[in-house]
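Report on one structure; see the data block that follows.
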Amino acid sequence: MTRHLVTCLAIIALSFVSPTPAAAAATVATSSAVYDTVDAVELLDGTLITVTGVISGQSARSESIYQIFSIPNSDGPARCDRLALLAMTKPGKFQFALNYNSTGAFEGMFNCKLIVRTP
């Protein structure tokens with residue numbers, strides 16, 4: 001009898017728990033973006049980084065993959081990673097921007113920039 005009661009109570013308790021929404025899959029970015037807040041940054045391989053955060057003008061968090069411009073023997077993606085980490089540590093003070101190169105030899109790649117919001 002006790003097991004039946006415990007099972008019923010567990011089912012009732014679980015019926016009140018709302019399911020958590022599945023995390024949206026990361027999308028490959030095809031345009032410039034300015035992040036008001038950066039929640040996470042991940043260096044995927046030599047030239048790819050994933051940024052999770054709130055893009056300026058949006059209310060929902062998103063996750064995007066960016067291919068960072070890098071010349072041989074440079075650390076372009078690692079520098080973008082550090083700028084994103086700085087924006088993450090001081091929310092509201094900085095914006096983290098990824099600018100899309102739409103012309104030239106490096107078309108389709110991004111470079112990054114840290115913007116001070118409040119001096």
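The values are calculated or read from the model by the stated rules, or taken from the named source; none is laboratory data. Just so we're clear, the structure is a prediction, and the values are computed from it rather than from any experiment. Note that each Cβ is placed from the backbone with ideal geometry, even for glycine, and that neighbours are counted across all protein chains shown.
Scanning region 47-79 for residues that are assigned to a strand (DSSP E or B) and among the basic types (Lys, Arg) returns a single hit, Arg61. With respect to the conditions (1) among the hydrophobic types (A, V, I, L, M, F, W, C); (2) free of Cβ contacts under 8 Å to residues at least 60 places away in the same chain; (3) not in a loop (DSSP other than H, G, I, E, B), Phe106 lacks only one, and its number is (3). Identify the single condition in (1) out of contact with any helix residue (DSSP H, G or I) (no Cβ under 6 Å at 6 or more places or on another chain); (2) at pLDDT below 95 that Ile68 does not satisfy, given that it satisfies every other one. Evaluating Ile68 over (1) out of contact with any helix residue (DSSP H, G or I) (no Cβ under 6 Å at 6 or more places or on another chain); (2) at pLDDT below 95 leaves (1) as the failure. Residues that are modelled with pLDDT under 90, more than 13 Å from the chain's Cα centre (by Cα) and over 25 Å from Arg117 (Cα atoms) do not occur anywhere in region 86-100. Counting only residues that are among the small types (Gly, Ala, Ser), within 16 Å of Thr30 (Cβ to Cβ) and exposed (fewer than 14 other Cβ atoms within 10 Å of the Cβ), how many does region 64-119 have? Adding up the residues that qualify gives 2.
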